[in-house]
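The values are calculated or read from the model by the stated rules, or taken from the named source; none is laboratory data. Please read these numbers as outputs of a predicted model, since none were measured by experiment. Glycine also receives a Cβ, built like all others from the backbone with ideal geometry; neighbour counts cover every protein chain displayed.
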Amino acid sequence: MAGMLYLVPTPIGNLGDISTRCREVLAQADFIAAEDTRVTLKLLNHLQLRKNLVSYYEHNKAQRGDVILERILSGETCALVSDAGSPAISDPGEDLVRQCAQAGITVTAIPGPCAVITALSVSGQATGRFCFEGFLSMSKKSRRAHLASLKEEKRTMIFYEAPHKLQNTLLDLQETFGPERPISLCRELTKLHEEIIRTTIGGAIAHYEVQPPKGEYVLVVAGAPEQPESQSTPADAAAMVAQLMEQGMSRKDAVRQTAKALNLPKNAVYDAALDCPSDSNAQ
Ligand code: SAM
């Protein structure tokens with residue numbers, strides 16, 4: 001009979017956050033697959049457990065995944081842990097879960113510490129709809145492309161960031177979202193020096209110019225504000241288009257400018273302006 005895979009979340013700072021169930025699963029698993037066995041050994045010592053450990057990390061996961069799969073298929077139960085937080089979330093695990101699922105192995109995730117959810121809940125930003133964006137790439141080109149794809153994003157956006165890259169990331173965020181966009185910087189969550197700074201992107205840049213960033217960060221950035229609904233009527237739009245065309249503007253440009261000025265959809269302005277006398281440059 002095949003064994004199974006447990007995804008076991010571990011504390012992101014405060015060791016008291018390990019749950020009774022996580023401890024039980026770690027105690028009962030036949031072996032533990034760990035991102036860094038030295039980090040996991042410290043946790044196991046704290047829990048007074050002695051276990052068989054294998055490493056499973058970014059650079060050995062292709063080959064090691066097959067070995068782990070074999071062991072599970074032969075009937076062993078594996079508990080997967082990362083250095084901190086939930087395995088498979090910006091951490092190794094995603095591939096192993098897929099491999100096991102494809103092989104028909106039962107995979108169970110135990111709920112528990114996760115930096116993205118801890119930060120979102122304490123951020124003070126809208127939590128109804130959010131998107132997790134992980135780490136921004138080190139390459140300038142892909143960072144720019146990633147951020148450009150979020151320019152119109154209305155949901156709250158969450159990023160992981162390391163302290164030495166924070167100031168550059170804030171500058172990139174400012175370039176995309178502007179200095180006034182609200183941001184919550186959640187630092188050292190669950191640790192002694194936990195700090196939540198709720199400010200704007202510009203405010204955060206000014207803050208870290210005098211106070212060098214330290215520790216681990218989750219950035220929670222407000223989504224783009226909803227556009228207020230236009231108060232203008234089709235008659236207003238038609239009048240503005242007519243006026244612009246009288247001044248010599250083409251119909252196409254007059255429709256575009258009116259739509260922008262009155263915050264109306266272009267096709268609605270176009271329909272409203274159909275009765276305007278045609279212009280010589282109409283397109
Ligand atoms: N799988 C983990 C999770 O979801 O909780 C995240 C692992 S990822 C490699 C590490 C990143 O998570 C850090 O660079 C930081 O952005 C965030 N993080 C982890 N622990 C944190 C903490 N205590 N306070 C703030 N951010 C933390």
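In region 225-252, what residues are of a type outside the set (Gly, Ala, Ser) and surrounded by fewer than 16 Cβ atoms within 10 Å (Cβ to Cβ)?
Selection gives PRO225, GLU226, GLN227, PRO228, GLU229, GLN231, THR233, PRO234, GLN243, GLU246, GLN247, LYS252.
When you look at LEU96, is it crowded, with 16+ Cβ neighbours inside 10 Å, closer than 21 Å to PHE135 by Cβ and either touching a Ser or Thr at 6+ places or on another chain (Cβ under 8 Å) or among the hydrophobic types (A, V, I, L, M, F, W, C) (or both), yes or no?
Considered against the rule, which asks whether it is crowded, with 16+ Cβ neighbours inside 10 Å, closer than 21 Å to PHE135 by Cβ and either touching a Ser or Thr at 6+ places or on another chain (Cβ under 8 Å) or among the hydrophobic types (A, V, I, L, M, F, W, C) (or both), LEU96 comes out as yes.
Which members of region 20-57 meet the condition of being β-branched (Val, Ile, Thr), assigned to a helix (DSSP H, G or I) and closer than 14 Å to LEU5 by Cβ?
Result: VAL25, single match.
Take the residues of region 55-70 that are over 26 Å from SER19 (Cα atoms) and touching a strand residue (DSSP E or B) at 6+ places or on another chain (Cβ under 8 Å): which is farthest from the ligand (Cβ to nearest atom)?
Applying the filter and picking the extreme gives VAL67.
Name the single residue that is modelled with the highest pLDDT among those in region 58-75 being part of a helix (DSSP H, G or I) and of a type in the set (Gly, Ala, Ser).
Step by step, filter region 58-75, then rank; the result is GLY65.
Checking the condition free of Cβ contacts under 8 Å to residues at least 12 places away in the same chain and either more than 25 Å from GLY128 (Cβ to Cβ) or outside the structural domain of SER90 (by TED's automatic domain parsing) (or both), which residue from THR169, THR233 passes?
Answer to the selection: THR233.
Which members of region 149-179 meet the condition of being more than 10 Å from the ligand (Cβ to nearest atom), more than 19 Å from GLU209 (Cβ to Cβ) and β-branched (Val, Ile, Thr)?
THR156, THR176
Are there any helices (runs of 4 or more DSSP H) wholly within region 117-224 with 2 or more residues that are among the polar types (S, T, N, Q) and surrounded by 14 or more Cβ atoms within 10 Å (Cβ to Cβ), and if so which?
Filter on region 117-224 gives 166-177.
Among residues belonging to region 100-116 that are in a helix (DSSP H, G or I) and away from the ligand (no atom under 15 Å from the Cβ), point out the one that is surrounded by the fewest Cβ atoms within 10 Å (Cβ to Cβ).
GLN102
If I filter region 180-190 for residues that are farther than 24 Å from LEU147 by Cβ, touching a Lys or Arg at 6+ places or on another chain (Cβ under 9 Å) and within 11 Å of the ligand (Cβ to nearest atom), do I get at least one hit?
Yes, some residue in region 180-190 is farther than 24 Å from LEU147 by Cβ, touching a Lys or Arg at 6+ places or on another chain (Cβ under 9 Å) and within 11 Å of the ligand (Cβ to nearest atom).
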